[in-house]
Amino acid sequence: MNQFLTVCMLAVWSVLCLFGIATAQPPRGPLVVSPQVNADKTVTFRYLAPSAKEVKLSAQFEKAPVLMTKDGQGIWSVTVGPVKPDIYPYSFQVDGVTVMDPANVAFFPNERFKASLADIPGDTPLVHAMQDVPHGSINYEYYPSAEGTTGSLVVYTPPGYDKSPAKKYPVFYLISGTTDTEETFFKVGHTNLILDNLIAAGKAKPMIIVMPYGNIAARVAEQKGGTKPADPTVRDGADAISRAKAFEIDLLTNVIPYTEKNYRAIANRESRAIGGFSRGGGQTLRAALGNMDKFAWVCSYSSYLSPTEMDKSFSQIGAKPEATNKQLKLLWVSVGSDDFLYKGTVEFMDYLKAKNVTFKSLITDGGHTWMNVKKYLAETAPLLFQ
């Protein structure tokens with residue numbers, strides 16, 4: 001009897017194990033290759049959804065979503081282009097629901113959306129492409145931050161950093177835009193590859209790049225069990241300025257000291273640069289112009305401060321242009337001609353001109369995109385620390 005029970009129990013256990021193995025496996029189906037970049041720079045996108053009624057491709061190189069067609073296996077596909085070589089966010093709209101491409105491991109880190117990334121290579125390698133050059137390293141760091149929370153950083157160290165333990169480097173603090181994360185300049189902007197390629201070509205000085213998370217209020221809410229606050233609706237409103245101040249305090253009292261303690265950073269203003277895109281550009285300008293003793297190199301990508309805010313909070317910049325121009329080794333302002341922040345950015349440039357503040361500028365085609373951000377980074381990195 002005992003032997004019979006033992007056999008029965010073993011049989012049940014075997015069935016349960018097999019069931020567990022079966023349920024632990026991901027759903028299987030036909031192999032889907034997406035995106036597929038073709039020789040003529042057209043790109044084929046595919047998505048497996050046998051039960052879907054309609055699937056569309058939404059891509060930043062298309063003006064509107066593109067209908068896809070389904071084959072007998074339930075794979076929806078469309079070929080578009082040719083597409084200008086670059087890295088583009090895209091997603092699928094499946095019966096009205098926006099989803100990432102499950103066949104693609106490259107994705108866009110963001111608080112609100114998760115797009116996939118299509119990398120269309122150039123006939124000659126683009127500045128953000130992986131090339132056969134010495135490569136730096138990417139490190140993920142955690143540091144004590146505001147209100148007892150733990151902050152996160154992505155840190156780039158240049159090629160040769162670990163082989164020269166006595167050498168110190170200047171630091172570029174680089175801040176992503178609204179809803180972006182500390183990973184966005186790395187995973188979407190390819191900051192590490194841009195610097196690797198520029199350094200190898202002798203066009204940029206080796207530097208450390210520190211990429212922090214810009215949304216302090218969201219992190220505090222997440223780690224303290226609160227509700228993430230909505231983003232400010234007015235770029236220069238009281239809420240936006242207050243949150244920028246919180247970031248500035250965290251940068252000055254936590255991020256910079258952590259970096260200079262744990263990395264071989266040259267700890268003076270001439271060896272500190274700060275830059276940012278969109279909200280990160282506004283944070284850059286406020287932190288830099290309010291702390292001229294801390295930063296000598298300032299890069300604003302698709303961002304600005306209004307003349308009203310400049311006169312109210314940073315009047316010394318325009319009131320004493322000679323001192324400003326002497327202190328700032330670089331003040332850079334760039335924007336795309338189709339960017340929704342174009343008007344405000346040009347107004348900021350006009351303000352600087354009227355006050356005789358020296359700056360460099362670049363207006364490109366295109367809008368508020370990471371395709372433009374990569375251009376701005378590639379143009380400004382060679383100017384830093386020269």
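Expressed in Å, the radius of gyration and Dmax of the Cα atoms of the stretch 22-118 are 13.4, 44. Cross-link pairs exceeding 24 Å between alpha carbons, from the set 294/329; 168/329; 53/114; 205/355; 343/375: 205/355.
When nucleic acids and ligands are ignored and a 1.4 Å probe is applied, residue 46 ends up with an accessible area of around 60 Å². Residues whose amide H falls under 5 Å from that of residue 106, counting only those 5 or more places apart or on a different chain, are 117, with hydrogens built in the peptide plane. A simple rule links phi to the HN-Hα coupling: the Karplus curve 6.51 cos²θ - 1.76 cosθ + 1.60 with θ = phi - 60°, which for the stretch 91-107 gives 7, 10, 9, 9, 6, x, 9, 7, 9, 6, 8, x, 8, 10, 7, 7, 9 Hz, with x for Gly and Pro.
Report the Stokes-Einstein translational diffusion coefficient (µm² s⁻¹, integer) for the stretch 234-386, Rh taken as the Kirkwood radius over Cα pairs, at 20 °C with viscosity 1.002 mPa s.
Details: Rh = 15.7 Å.
Calculated translational D: 137 µm²/s.
Give the aspartates and glutamates whose C-alpha is closer than 14 Å to that of residue 374, dropping any in the same chain fewer than 8 places away, or say none. Partners within reach: 86, 119, 196, 365.
Just to make sure I understand: if all protein chains stay in place, what is the order of 145, 51 by accessible area at 1.4 Å, largest first?
Sorted descending by solvent-accessible area, the residues read 51, 145.
Placing pseudo-labels 7 Å out from each Cα toward the beta carbon at residue 386 and residue 230 gives an inter-label distance of 4.5 nm. For the chain, find the longest principal axis of its Cα atoms and tell me its angle to the long axis of helix 279-289, 0 to 90°, nearest 10. Helix 279-289 and the main axis of the chain meet at about 30 degrees.
Rolling a 1.4 Å probe over the heavy atoms of the protein chains gives the stretch 293-356 an accessible area of 47 Å² per residue. Evaluating 6.51 cos²θ - 1.76 cosθ + 1.60 at θ = phi - 60° for every residue in the stretch 166-177, the Karplus couplings come out as 9, 7, 10, 9, x, 10, 10, 8, 10, 10, 6, x Hz, glycine and proline recorded as x. Output the 0 to 90 degree angle, nearest 10, between the alpha-carbon long axis of helix 370-380 and the longest principal axis computed from the alpha carbons of the chain. Compared with the principal axis, the helix lies near 40 degrees.
Ordering 135, 102, 125 by the projection of their Cα atoms onto the charge dipole of the stretch 85-153, which places +1 on the Cβ of Lys and Arg and -1 on the Cβ of Asp and Glu, puts 102 at the extreme positive end. Going 7 Å from the Cα of residue 103 in the Cα-to-Cβ direction, what parts of the stretch 65-79 have a backbone nitrogen less than 19 Å from that spot? Inside the label zone: 66-79.
Using the Cβ atoms and a cut-off under 15 Å, what net charge is assigned to the surroundings of residue 359, where Lys and Arg are +1 and Asp and Glu are -1? Present the calculation step by step, with values, prior to reporting the outcome.
On the way: positive: 326, 329, 353, 355, 360; negative: 322, 347, 350, 379.
It works out to a net charge of +1.
Fully extended, how many nm does the chain gain between residue 138 and residue 264 (0.36 nm per residue separation, minus their Cα-Cα distance)?
Working: separation 126, 0.36 × 126 = 45.36 nm, distance 1.50 nm.
Working it through step by step, the gained length comes to 43.9 nm.
Under the convention that each Lys and Arg Cβ holds +1 and each Asp and Glu Cβ holds -1, the size of the dipole of the chain around its Cα centre is about 640 debye. The value of relative contact order for the chain, using C-alpha pairs under 8 Å at least six residues apart, is 11 percent. Roughly speaking, what is the centre-to-centre gap between the stretch 86-110 and the stretch 238-254 when only Cα atoms are used, to the nearest Å? First find each Cα centre; the distance between them is then 32 Å.
For the chain, the residue among 207, 303, 44 whose Cα projects farthest onto the positive side of the dipole built from Cβ charges is 207.
Here percent of Cα pairs over 37 Å apart was computed from the coordinates, and among (1) 31; (2) 16; (3) 23 the match is (1). Within a straight-line Cα-Cα reach of under 21 Å, residue 224 can be paired with the following lysines, leaving aside sequence neighbours fewer than 8 residues apart in one chain: 245.
In debye, nearest 20, what is the charge dipole magnitude of the stretch 200-272 about its Cα centre with +1 on Lys and Arg Cβ and -1 on Asp and Glu Cβ, if you could check?
Computed about the Cα centre, the dipole is about 280 debye.
The alpha-carbon of residue 63 sits under 19 angstrom from the alpha-carbons of these lysines, leaving out residues fewer than 8 places away in its chain: 41, 84. Against the main long axis of the alpha-carbon atoms of the chain, helix 238-250 sits at an angle near 90°.
Going by average Cβ density within 10 Å per residue, which order do the peptides 293-303, 344-354 take, highest to lowest? Before the final figure, lay out the partial values.
Details: 293-303: 24.5, 344-354: 17.0.
Most protected by this proxy first, the peptides run 293-303, 344-354.
For the stretch 292-352, the square roots of the Cα gyration tensor eigenvalues, ordered a ≥ b ≥ c, give a/c of at least 1.5 with a/b no greater than b/c, which places it in the oblate category.
Please list the equivalent ellipsoid semi-axes of the stretch 150-244, computed as the square roots of five times the alpha-carbon gyration tensor eigenvalues, in descending order and whole angstrom.
32, 15, 11
Please report the relative contact order for the stretch 56-181, taking Cα pairs under 8 Å with a sequence separation of at least 6, and give it as a percent rounded to a whole number. Taking the mean separation of contacting Cα pairs over the length of the stretch 56-181, I get 17 percent.
The values are calculated or read from the model by the stated rules, or taken from the named source; none is laboratory data. Model, not experiment: these values are computed from the prediction. Every residue, glycine as well, gets a Cβ built from its backbone with ideal geometry; the counts of neighbours run over all protein chains shown. Side chains are part of the model used for accessible areas, which takes the heavy atoms of the whole protein and leaves out ligands, DNA and RNA. Shrake-Rupley method; radii C 1.70, N 1.55, O 1.52, S 1.80 Å.
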